[in-house]
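First comes the structure, then the notes that go with it.
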Amino acid sequence: MLAFLVVAPWVGYQPAAAAPAIGFETPGVVDPIHTNGEPDIGIDSQGRVFVSGPTGTGTQRSTWLGSVDGGHSYRVISPGAPPSAIAGIVDPPGGGDTDINFDRSGKQYFADLYALTCLRTATTSDGGATVAQEIYPAGCSGGPGADRQWLAVYDPAPGTPNQSAYTGVRPLAYMEYNNLNNGAQWTKSLDGLTYVPAPLDPPNWAPFGADGYPQIDQVTGKVFQAAGSGTNLLLNIGTPSATGDLTFLDHPTATAPNGDQSKLIHIADNLKGSPDTLFSVLSIDSARNLQVAFAISSDTPSDRQVFVSAASPDTGWTKWTQPVQVSQAPANVNVFPWVKAGGPGRSDAVWYGTDTVADPSVNDNQAWNVFMSQLVFPVDANGHVTGAPPAVTMAKVSPHPNHYQSICLAGTGCILSQGNRNLADFFVVTIDHTGAAEVVYDDTSNGLAQPGFTPDNQQLVDHAGAGVVTVARQNSGPGLFGTNVSGASAAPVSGITDPAGDSLYPVIGGVYRPGFDLLGTHLTLSGSTLTVTQQVADLAHPATSMAAVPGAALLSYVTRWQLGNTLYYAAMQTSAAGAPTFYAGKTGSVDLCSVSACFPHVLTYPEPRFGGSQESGRVDCPTSPGPTNPCTMTITVNAADIGSPAQSSLLEEVGSYAFAQTLPSGSTTNAQAEADNVPLEVDGACCFNFTGSVSAKPGCSEADGSGAFTQADGRQGKFDFDDDACEGDGSKPHAHFQNADGRTFDATLIASAVYDASANQLVLTGTGLDSGQTVSYTLILVQAVGQPGSVQLILSDGVTMAGNVSGSLLELAGSS
């Protein structure tokens with residue numbers, strides 16, 4: 001037997017050696033049915049993750065989803081009553097640009113653009129279970145039109161120095177949008193629903209900054225917006241009055257009735273091109289430094305680079321550092337920058353970059369990837385940037401190219417140029433409570449297109465590539481609070497577990513439905529057969545499960561993945577009669593159209609009579625099935641039906657889903673997709689990577705440890721674990737944790753154990769009980785020779801127990 005002593009990073013632990021490289025978990029699929037470009041992401045004060053994005057003005061709907069398990073799977077939020085019980089998304093008004101923001105309580109503010117006409121506003125205080133909505137302007141009438149709206153919320157924490165003149169109710173929400181006649185317009189709201197103009201006078205003037213992503217300072221209440229003017233990047237600042245109305249730097253004067261732009265702050269001048277390549281983005285860090293990210297638009301493709309600059313509140317944000325280029329090879333041509341600031345002087349900037357040097361709007365066999373650069377600006381004793389250049393570390397986020405060929409940058413004009421706008425105009429990075437980056441992006445590498453929409457593959461109106469909305473979370477390297485972050489490895493494993501009790505209808509805040517409750521998925525590849533094994537709380541009573549979702553006529557349990565540039569799936573479907581059908585094949589799409597041409601909007605998983613291949617399988621249920629005594633479904637798939645994967649083939653982003661639906665997925669028509677008559681996800685478990693060479697079960701390995709761990713606050717918790725397979729010491733596999741507050745966790749299943757020798761790390765996953773409630777967990781166990789070990793337990797309900805080990809050493813052993 002070979003024994004290894006190892007250590008890994010955790011929040012609050014500073015290793016003596018160099019910080020580990022920035023890495024990312026297996027990306028997770030946000031929605032296995034709906035696709036869209038331009039995804040947004042936000043994390044509230046309770047750690048809940050939300051994603052939104054437009055499906056296009058042709059559909060007049062947008063997606064808005066909330067996670068029920070810390071960002072691993074999502075459910076549709078509907079602002080208003082869905083058109084039917086089975087439909088997940090409400091119909092118009094909507095379908096265009098979206099934005100989400102939060103106040104300190106976790107109340108969420110949502111805005112949706114409708115056909116360049118008006119804006120839908122909505123709020124939820126319970127994670128999406130209940131939603132209120134309004135329209136601005138009322139009735140979608142009386143205005144010249146609207147475009148690209150953004151939200152900002154003024155809600156300072158108790159004890160925050162108050163330098164604002166505003167004396168009204170907090171939180172105060174601002175919504176800025178582009179009035180199609182005048183330009184940038186700012187509105188304000190006390191409830192996040194009803195907005196009124198701010199400033200009120202003069203009514204026909206537009207402050208500079210339309211389309212730039214804004215920020216708000218919680219000390220002064222000032223709002224900031226940056227945008228390009230020719231080859232210069234300028235900053236506008238709005239200062240609130242006692243009522244929250246804003247006076248901007250370029251406010252009209254007697255000598256400048258259309259606005260005095262000479263008062264604007266110059267961030268950068270005489271650039272190599274316009275800095276407005278969708279979009280100029282501001283973010284404010286915890287020390288109130290502003291940071292801006294922008295990309296250059298130029299006729300010289302190699303000049304299309306991403307830059308970041310910063311300014312301190314000491315100067316009133318008037319003096320900016322020299323812009324530093326954060327995009328480097330292999331990111332040769334770059335678009336769609338975004339930035340998120342964290343601790344003093346720290347930020348993450350992301351963008352799409354291509355491997356060729358060519359005009360991004362021209363097809364040149366480009367392969368695009370998602371890149372991120374982490375910046376650390378030098379700061380003084382107050383945390384304010386000094387003006388010195390930052391340290392920059394670049395990493396690739398996407399595990400494979402997320403897009404091929406051109407990206408049209410002409411907005412709604414792309415339909416005239418027949419340009420590909422499947423990605424729309426931006427994507428977003430944010431951070432969780434540990435400072436780990438969470439990047440939401442579109443993955444169109446699948447090349448999907450509905451048959452008949454692209455005759456002779458000309459793609460003149462419809463463009464191939466379904467925009468699968470994907471989230472990648474940072475799992476290693478420094479976070480934006482100055483400490484190393486950790487998370488699940490992206491190394492291939494054989495399966496995934498999912499906690500019991502999270503299959504609800506309505507899908508957020510509803511009632512438990514055991515017939516949809518996924519508990520675990522396991523894959524094996526042997527020769528020419530892929531076996532998918534899935535545990536579900538109850539597969540014995542399909543009629544009862546369907547009755548719980550009005551309108552449901554079918555139940556489907558789908559496991560999907562990407563192999564190369566193709567999406568595949570294996571599934572079981574049953575009706576109320578309880579006769580299961582097992583099938584597999586290539587994922588399909590239904591394409592819909594909008595003002596920017598057509599693209600795949602809905603993913604389908606065709607049944608045998610609609611293009612899928614019939615497979616064999618079985619369902620085994622105990623006499624009284626339930627979460628602790630589940631049914632087992634086994635699908636035996638002919639590998640030739642799913643791309644003939646070899647033992648070394650990588651199946652990426654494997655996820656499993658339980659759907660209720662009114663009709664077979666493969667029969668979905670364009671009219672039905674337009675009406676959102678598509679499968680409704682009731683439960684999901686996402687995502688992991690798999691290869692056939694991964695052992696079906698943990699092999700002969702030993703992992704033992706017990707003792708105390710020191711939390712970030714200095715207090716101690718205790719732990720004891722043993723993943724026993726070799727030693728024969730009579731100890732059953734178990735894991736028990738108790739933090740300093742007395743909260744306890746006990747593992748009930750160790751589903752996988754992955755030892756990473758290069759990282760000196762062992763990761764266990766499975767299910768367990770957090771103070772009696774079923775959760776899934778990731779347990780990271782590490783120790784280096786001569787150093788104290790560390791443990792980190794990450795639970796699906798957002799709880800983390802972590803610290804340096806004291807009073808004991810961890811022992812990890814590999815196979816002999």
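The values are calculated or read from the model by the stated rules, or taken from the named source; none is laboratory data. Fair warning: this is a prediction, and the values are worked out from it, not measured in the lab. Cβ sites come from the backbone with ideal geometry, for glycine too, and all protein chains shown count toward neighbours. Just so you know, the surface numbers come from the protein's heavy atoms only, side chains and all, with ligands and any DNA or RNA stripped out. Shrake-Rupley method; radii C 1.70, N 1.55, O 1.52, S 1.80 Å.
Would you check if there is a residue in the stretch 447-462 being among the β-branched types (V, I, T) and at pLDDT 95 or above? No, the stretch 447-462 contains no residue that is among the β-branched types (V, I, T) and at pLDDT 95 or above. Test P389 against the criterion of being open to solvent by 20 Å² or more (accessible area, probe 1.4 Å), closer than 22 Å to P360 by Cα, out of contact with any helix residue (DSSP H, G or I) (no Cβ under 7 Å at 6 or more places or on another chain) and not small (G, A, S), and give yes or no. No: the conditions fail for P389. Residues in the stretch 405-426: is at least one in contact (Cβ under 8 Å) with a residue 12 or more places away in the chain, in a strand (DSSP E or B), open to solvent by 20 Å² or more (accessible area, probe 1.4 Å) and not acidic (D, E)? There is no residue in the stretch 405-426 that is in contact (Cβ under 8 Å) with a residue 12 or more places away in the chain, in a strand (DSSP E or B), open to solvent by 20 Å² or more (accessible area, probe 1.4 Å) and not acidic (D, E). Residue-level check: of (1) modelled with pLDDT of 95 or more; (2) open to solvent by less than 10 Å² (accessible area, probe 1.4 Å), A491 misses just (2). Looking at (1) in contact (Cβ under 8 Å) with a residue 40 or more places away in the chain; (2) open to solvent by 10 Å² or more (accessible area, probe 1.4 Å); (3) out of contact with any helix residue (DSSP H, G or I) (no Cβ under 7 Å at 6 or more places or on another chain), which is the one condition that is false for V169? In the conditions (1) in contact (Cβ under 8 Å) with a residue 40 or more places away in the chain; (2) open to solvent by 10 Å² or more (accessible area, probe 1.4 Å); (3) out of contact with any helix residue (DSSP H, G or I) (no Cβ under 7 Å at 6 or more places or on another chain), V169 misses (1) alone.
Looking only at residues in the stretch 130-148 that are assigned to a loop (DSSP other than H, G, I, E, B) and either touching an Asp or Glu at 6+ places or on another chain (Cβ under 9 Å) or of a type in the set (G, A, S) (or both), which one is nearest to I100 (Cα to Cα)? Quick ask: steps written out before the conclusion?
To start, the set of residues in the stretch 130-148 that are assigned to a loop (DSSP other than H, G, I, E, B) comprises 130-131, 137, 141-145.
Filter once more, keeping what is either touching an Asp or Glu at 6+ places or on another chain (Cβ under 9 Å) or of a type in the set (G, A, S) (or both): 141-143, 145.
Numbers: S141: 24, G142: 25, G143: 23, G145: 21 Å.
This residue is G145.
When G501 is tested against (1) surrounded by fewer than 20 Cβ atoms within 10 Å (Cβ to Cβ); (2) in a strand (DSSP E or B); (3) of a type in the set (G, A, S), only condition (2) is not met. Among residues that are modelled with pLDDT of 95 or more, assigned to a strand (DSSP E or B) and closer than 30 Å to S361 by Cβ, S302 is not included. When G58, G80, G127, G106 are screened for being out of contact with any strand residue (DSSP E or B) (no Cβ under 7 Å at 6 or more places or on another chain), surrounded by fewer than 24 Cβ atoms within 10 Å (Cβ to Cβ) and in a loop (DSSP other than H, G, I, E, B), only G106 passes. Only residues that are open to solvent by less than 30 Å² (accessible area, probe 1.4 Å) and more than 24 Å from L116 (Cβ to Cβ) were counted in the stretch 172-197, giving 1. Checked across the stretch 289-310, the condition of being open to solvent by 10 Å² or more (accessible area, probe 1.4 Å) and without any contact (Cβ under 8 Å) to a residue 12 or more places away in the chain holds for no residue. When the residues of the stretch 83-103 are filtered to those that are among the polar types (S, T, N, Q) and in a strand (DSSP E or B), the one that is modelled with the highest pLDDT is N101.
Applying the selection to the stretch 460-469, what residues are out of contact with any Leu (no Cβ under 7 Å at 6 or more places or on another chain) and buried (at least 24 other Cβ atoms within 10 Å of the Cβ)?
Our first condition is that a residue be out of contact with any Leu (no Cβ under 7 Å at 6 or more places or on another chain); within the stretch 460-469, this holds for 460-463, 468-469.
Selection gives H463, V468, V469.
Answer with yes or no whether T393 is touching a Ser or Thr at 6+ places or on another chain (Cβ under 8 Å), more than 30 Å from N689 (Cα to Cα) and of a type in the set (S, T, Y). Break it down stepwise before answering.
On the way: touching a Ser or Thr at 6+ places or on another chain (Cβ under 8 Å): yes; more than 30 Å from N689 (Cα to Cα): no; of a type in the set (S, T, Y): yes.
In short, no.
Restricting attention to the stretch 637-649, the residues that are open to solvent by 50 Å² or more (accessible area, probe 1.4 Å) and under 18 Å from P608 (Cβ atoms) add up to 2.
Look through L200, L249, L151 and report the one residue that is open to solvent by less than 30 Å² (accessible area, probe 1.4 Å) and either touching an Asp or Glu at 6+ places or on another chain (Cβ under 9 Å) or farther than 22 Å from V292 by Cβ (or both). Walk me through how you get there before you give the answer.
Numbers: L200 fails: open to solvent by less than 30 Å² (accessible area, probe 1.4 Å); L249 fails: open to solvent by less than 30 Å² (accessible area, probe 1.4 Å).
When all the criteria are applied, what remains is L151.
G515 meets each of the listed conditions (1) in contact with a strand residue (DSSP E or B) (Cβ under 6 Å, 6 or more places away or on another chain); (2) open to solvent by less than 20 Å² (accessible area, probe 1.4 Å); (3) not aromatic (F, W, Y) apart from (1). Of the residues making up the stretch 754-771, those that are modelled with pLDDT under 65 and either in contact with a Pro (Cβ under 9 Å, 6 or more places away or on another chain) or within 12 Å of P499 (Cβ to Cβ) (or both) are V754, A759. Applying a threshold of 8 Å to beta carbon distances and a minimum spacing of six or more residues, or different chains, the list of pairs starting in the stretch 430-443 at a residue that is closer than 13 Å to N475 by Cβ and open to solvent by 10 Å² or more (accessible area, probe 1.4 Å) and ending at one that is assigned to a loop (DSSP other than H, G, I, E, B) and β-branched (V, I, T) reads T434/V11; T434/T483; T434/V485. Of all residues assigned to the stretch 391-405, at least one qualifies as being more than 24 Å from the chain's Cα centre (by Cα), of a type in the set (A, V, I, L, M) and on the phi < 0 side of the Ramachandran plot. V507 passes every criterion in (1) assigned to a strand (DSSP E or B); (2) out of contact with any Gly (no Cβ under 7 Å at 6 or more places or on another chain); (3) crowded, with 20+ Cβ neighbours inside 10 Å apart from (1).
Based on what the data block shows, is A584 over 26 Å from the mean Cα position of the chain (by Cα) and either in a strand (DSSP E or B) or buried (at least 20 other Cβ atoms within 10 Å of the Cβ) (or both)?
Working: over 26 Å from the mean Cα position of the chain (by Cα): yes; either in a strand (DSSP E or B) or buried (at least 20 other Cβ atoms within 10 Å of the Cβ) (or both): yes.
Against the criterion (over 26 Å from the mean Cα position of the chain (by Cα) and either in a strand (DSSP E or B) or buried (at least 20 other Cβ atoms within 10 Å of the Cβ) (or both)), A584 qualifies.
Report yes if some residue within the stretch 344-354 is at positive phi and outside any strand (DSSP E or B); otherwise report no. Yes, because at least one residue in the stretch 344-354 is at positive phi and outside any strand (DSSP E or B). Using beta carbons and a limit of 6 Å, which pairs, at least six apart or on different chains, have the first residue in the stretch 133-148 and closer than 23 Å to G411 by Cα and the second one open to solvent by 40 Å² or more (accessible area, probe 1.4 Å) and polar (S, T, N, Q)? Hits for this filter: C140/T117; P144/N181; G145/T117. Selection of first residues in the stretch 531-543 that are crowded, with 22+ Cβ neighbours inside 10 Å and assigned to a loop (DSSP other than H, G, I, E, B) and of second residues that are at pLDDT 95 or above and among the charged types (D, E, K, R), restricted to Cβ pairs under 6 Å at least 6 apart or on distinct chains, gives the following pairs, ordered by first then second residue: A537/D517.
For the stretch 687-704, taking the residues that are outside any loop (DSSP other than H, G, I, E, B) and modelled with pLDDT of 70 or more, the one that is surrounded by the fewest Cβ atoms within 10 Å (Cβ to Cβ) is identified as N689.
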